[in-house]
Structure formats: structure tokens, C-alpha cells
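Here's the structure, in C-alpha cells; my notes come after.
Each value in this text was obtained by applying a stated rule to the coordinates, not by laboratory testing. Just so it is clear, the structure is predicted and the values come from calculations on it, not from any experiment. Every residue, glycine as well, gets a Cβ built from its backbone with ideal geometry; the counts of neighbours run over all protein chains shown.
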Amino acid sequence: MRFYTVHVGPGDAEGQGTRLVPEGFSWTAFLFPIFWLPIKGLWVPLLILVAVYVFLGLAETEGLLAGHVNFAITLAASWLVGLEGRNWQRHHLSRLGFVEAGIVAGANLLDAETRWFAARPPVSAPSITPAPKQVAAIPSLLPWPGQTA
């Protein structure tokens, strides 16, 4: 069983803007951080990671770092992305106006979505009846035909 946090978008009544974020370590983020971060919309961590990679590359070419030290720091940076990437994703969703609505468990994402939407009360569209149009009385400066001034 895997746990997911459920984030509901602003003004979302039908569940179209609901996002489920899995708990725990992300192996995809660990193995492919340069691709995973922009897919999730995490641009600031991506820029920081690219800056670290550029700094490490320059330091190695200048002879300031040995190759194995560069590899260890790169591995540690990737481990950090895999470990904290999901939390960064939750923070990003909250900044976009999503509200954490709960936690759901499921064997996979589809099972968790099914459980979440089955447990939600049905959403009925509000019945809005338009107000009757009212014509405002406009004072006239000129008399209408048949009126005396």
C-alpha cells in the first residue's frame, strides 16, 4: 500500500484539478533529476541543481576537485532531489493555490484516485435562477409626447 496526499485546486468542484502526490522517496527524481524537476514545474530547485553541476564541472576542470569527489557530490545532490522532491512538489502546489484535502492509500495511483473520489460526497451543481431584469426609471429632461411639463 502506498500513501498519497490529495491536493484540491482552487474552486474545484468536480475534482478536475485534484492532484495526488505520493509519499516517500522518488527513484525517478533520484535517477533523472534534470528531467524530473521541470516536468513537475520545480524551476527554482532545477536552477540550483544546474548551478551546482556547472560549479562542479568547472571545479573539476580547474583541478580543484578530484573526479571521485565530484561524483560523490553529484550523487548527494541527486539523493537530495529524490528524498525531498515530493515535499518540494507539495509546496509548489500550495503556492499555486491548491489545498491539501487529505491522505489516501492505494496499491497504485489509479487505485488511490478511485478510493478518494468514491469517498467524496457527490457534488451537485448549485441551482442558480437568474434574477428578473428590472428596468430602472430614468428621469427625463424632455417631456414625452402627451406629458405636460
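Hand me the GluC sites (Glu not before Pro) from the stretch 1-94 located in a DSSP loop with no more than 12 other Cβ atoms within 10 Å, in residue order please.
Answer by residue number: 14, 62.
Treat each spin label as a single point 7 Å out from the Cα along the C-beta direction, and report the residue 84 to residue 114 distance in nm.
3.7 nm
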